[in-house]
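Asks: Please find one structure pasted underneath; my questions will follow.
Readers should treat all values here as calculations from the given coordinates under stated rules, not as data from a laboratory. As the structure is a prediction and not an experimental result, all values here were calculated from the model. Glycine also receives a Cβ, built like all others from the backbone with ideal geometry; neighbour counts cover every protein chain displayed.
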Amino acid sequence: MRAKTGMARILLNAWKRGEFPAGFQKEMNSRFVELIPGVMSQRKVSDPAAPATNIRLWAELSVAIALAAVLDLISKSLPVPRLPYGGSVSLRSLPILVVALRHGPRAGMMAGGGYGVVDFFIHPVFVHPLQVILDYPLALGLLGTGGLLWERAISRWRLVGGILLGSSLRLGAHFLSGVVFFGQFAPQGQPIWLYSLLYNVSYMIPETIIAILLMQLLLRRMNIRERGSP
């Protein structure tokens, strides 16, 4: 190691004294000047904090999707009513809402949409490809919009408003799916829109109320007011 260090010092001193061929030294100096901006721009791109934050976020999204699937399976094992064409009271919305409140609506929609794909493979109800999109990734992804109303300051009203916003948009997707693809199951004489509305609010209202109550408790236990915090 000392021999290598000594050789490097000899070469550096020779470079300073201009003992290398003039053309070669001038070319190397110009190459070095051109290299500096590229190194600096690469340094900005490869900021070590950014990959760490992205990895942490993706890990949290994965955990939220897995936890939502587990909570849904646990909920379905309980003696609660289950509707014939999909839909039941479940705790699966809690991890998605936590992600939305911690990291904003974009991350919340990614978690909800990802879970929607997983949920289709676990509990598939297939009538039409568009129905699958409406009832699974889109509906559960819209649940993540609850992060739109959340700010850094603690506000239980914003928490409730965010949950109501996400749940309402999710209900809208299920309602549209019911009107377009499940109208044949409506009782005779009942409007299709009313059948779809009653069908979906029968589990969405209890699930939303449960989510509001449990998220109030989680708010006291988790530091979700600092969005994007590690």
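Asks: Over the stretch 51-221, what relative contact order in percent results from Cα pairs under 8 Å that are six or more residues apart?
Replies: Working: 240 pairs, mean separation 33.9, N = 171.
20 percent.
Asks: Now for a different question. Give me, ordered by chain and number, the residues 5 or more places off Arg82 or on other chains with an amide H under 5 Å from its own placed amide H.
Replies: Result for Arg82 returns nothing.
Asks: Say each of Leu164 and Leu213 gets a label point 7 Å from the Cα, pointing the same way as Cα to Cβ; how far apart are those two points in nm?
Replies: 1.8
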